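Working notes for the structure below.
The values are calculated or read from the model by the stated rules, or taken from the named source; none is laboratory data. Quantities reported herein were computed from a predicted structural model and do not represent experimental measurements. Neighbour counts run over all protein chains shown; Cβ positions are idealised from the backbone, glycine included.
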Ligand code: TRP
């Protein structure tokens, strides 16, 4: 364990990152390559905060608290199974970080209403979840809340999938605005200068994973639980095999006929999950020629690679099943959230000071 591991977040010299997931069920391969892989690498070099955005889960299903509670525990199990190390990183429960809710209010007043409603990620979600005009007032509010999730931790960067970039852009706008309005930062200041010029908030940047958008097993849309085209990190080897074998290879061909790997989604998986790049190139060349290379053959290689990736994840996850597992997870989030609150309260106090709201100090403990 390094000496900085348990340093209070307020004095740890390492640059910080913050990212999170809404508990909507189990994580899938799209999450893994879009964001989790980056998170694992960053645990080595950064002070990491991983937020369970359980408040956001209530914005679309407020009448399902029991499911949300279960999903909250499941997502932490997925993280730990992937290799997120609670000794080194803070696993943070959004609903127990009051500074986030308070900052959300302040930020909501710095963002024009129409700006929030133009956010393309919100629009896409309204379509894909079929919300029509029936969504709650709190639903678009979550995008403002996400700015607060991030800025409460004053991070340098935010590892996310491509779909989150629009939210990060809004977060950057609100950081600049706050610093200009309440901290006197020059509107022409460069983003990287905001803190040194007296701004409370950095202007953090999105860091999109190697594969920002992984195609689903339907070969058409982004992998997503709600579209039913996902391979979950907790799927059994058999389920993985079944899902990949059922994929349409984008064309119908004979093993001896030339094929086009570029329109075959199975090759997208080959590129992402088979580590040996020259092997994949070779496979593609043979597919183009025909060469007796059937689709089942390509799929078999992909299935093997995906299962090799998932095997250690499954093993670690199995050790967290059952009531003991739940208890351990609750301990992990309690500890991570306590450390997160030290930093988030410090941020909030700074923001309030800048806003002329520092009438007297307060303490959470
Ligand atoms: N909206 C993100 C998602 O659906 C989850 C999230 C909530 C998040 N707060 C965040 C991501 C802060 C990055 C930073 O995946």
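All told, residue 169 falls short of being more than 20 Å from residue 48 (Cα to Cα) and either away from the ligand (no atom under 16 Å from the Cβ) or surrounded by 17 or more Cβ atoms within 10 Å (Cβ to Cβ) (or both).
If the condition is being in a helix (DSSP H, G or I) and within 12 Å of the ligand (Cβ to nearest atom), then the stretch 22-39 contributes 30, 31, 34, 35, 36, 38, 39. Here the stretch 40-51 is the region considered, the condition is being in a loop (DSSP other than H, G, I, E, B) and modelled with pLDDT of 90 or more, and the residue that is nearest to the ligand (Cβ to nearest atom) is 46. Taking the listed residues 142, 182, the one that is assigned to a helix (DSSP H, G or I), under 15 Å from the mean Cα position of the chain (by Cα) and in contact (Cβ under 8 Å) with a residue 60 or more places away in the chain is 142, with no other qualifying.
Against the list (1) farther than 15 Å from residue 230 by Cβ; (2) over 12 Å from the mean Cα position of the chain (by Cα); (3) at pLDDT below 95, the condition residue 67 fails is (3). In the stretch 49-64, the residues that are without any contact (Cβ under 8 Å) to a residue 40 or more places away in the chain reach residues that are within 9 Å of the ligand (Cβ to nearest atom) and part of a loop (DSSP other than H, G, I, E, B) with C-beta atoms within less than 6 angstrom, at least six apart or across chains, in these pairs: 57/22. Residue 106 satisfies every condition listed in (1) in a helix (DSSP H, G or I); (2) over 25 Å from residue 91 (Cβ atoms); (3) within 16 Å of the ligand (Cβ to nearest atom); (4) touching a helix residue (DSSP H, G or I) at 6+ places or on another chain (Cβ under 7 Å) except (3). As a summary of the residue check, residue 157 satisfies the conditions (1) surrounded by 19 or more Cβ atoms within 10 Å (Cβ to Cβ); (2) modelled with pLDDT of 95 or more; (3) farther than 16 Å from residue 53 by Cβ except for the one numbered (2). Scanning the stretch 252-265 for residues that are over 10 Å from residue 295 (Cα atoms) and loosely packed, with under 13 Cβ neighbours inside 10 Å gives 256, 257, 258, 262, 263.
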